[in-house]
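Heads up: the structure comes next, in structure tokens.
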Amino acid sequence: MSYCTECGKALKNNPAFCEGCGAKREVIKEDSTQKIPKSPMNKKKKVSMVIAGILVVGLISTHMILSSIYDPMKNIQSMDSAMSGNSEEGFLEYITFDKDSLLDEKQYFSYIKTLDWEDMREQLVSITNSDLKFDAFVKDQRGHDVFKVERHSILGLL
């Protein structure tokens, strides 16, 4: 409860004028936005923030480097250039043969050359860009499996 500064009468509901003497009441405004002085950041907090920044930059850089190294599209481009350059070794570098396969490596490369490589390359790109969590097969024009694209995880991640 507040009181009039002129006559001392109790004022209810904070009126602008005193009901007893009619004096204008002095309104003291409270500054609700008090400025809190800023203190400089301590050394421990600065060091922590610098270390956190370095870790974030390091993680992003590592991700970019690993993505570049393990990019399957690079393998497809290398296979494509080996096929167009007629380089058997360059192409077969990306192929793993089963022990039970019917063709040896030279026969297999010759067989792939007789097929529509552009269509198989498009299938490889499609499989690589898909979100499949399992192995997929590249097929020839007749629907026969030519080779299997295996999904390998890197550090437990696909």
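Summary table
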| read-out | value |
| --- | --- |
| Among (1) assigned to a loop (DSSP other than H, G, I, E, B); (2) of a type outside the set (F, W, Y); (3) modelled with pLDDT under 85; (4) over 25 Å from the mean Cα position of the chain (by Cα) - the single one Q141 does not satisfy | (3) |
| Residues being basic (K, R) and closer than 14 Å to S84 by Cα - total across the stretch 111-133 | 2 |
| Lone unmet requirement of (1) more than 16 Å from M73 (Cβ to Cβ); (2) of a type in the set (A, V, I, L, M, F, W, C); (3) in contact (Cβ under 8 Å) with a residue 40 or more places away in the chain for L124 | (1) |
| Count of residues meeting criterion [among the polar types (S, T, N, Q) and modelled with pLDDT under 85] in the stretch 115-138 | 3 |
| Pairs with Cβ under 8 Å, 6+ apart, first in the stretch 93-114 and in a helix (DSSP H, G or I) and surrounded by 12 or more Cβ atoms within 10 Å (Cβ to Cβ), second at pLDDT 85 or above and among the polar types (S, T, N, Q) | K113/N86 |
| Residue check for M79: within 30 Å of E122 (Cα to Cα), in contact (Cβ under 8 Å) with a residue 24 or more places away in the chain and touching a Phe, Trp or Tyr at 6+ places or on another chain (Cβ under 9 Å) | yes |
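The values are calculated or read from the model by the stated rules, or taken from the named source; none is laboratory data. Predicted, not measured: the structure shown is a model, and the values here were computed from it. With ideal geometry, Cβ positions are generated from the backbone for all residues, glycine too; neighbour counts draw on all protein chains shown.
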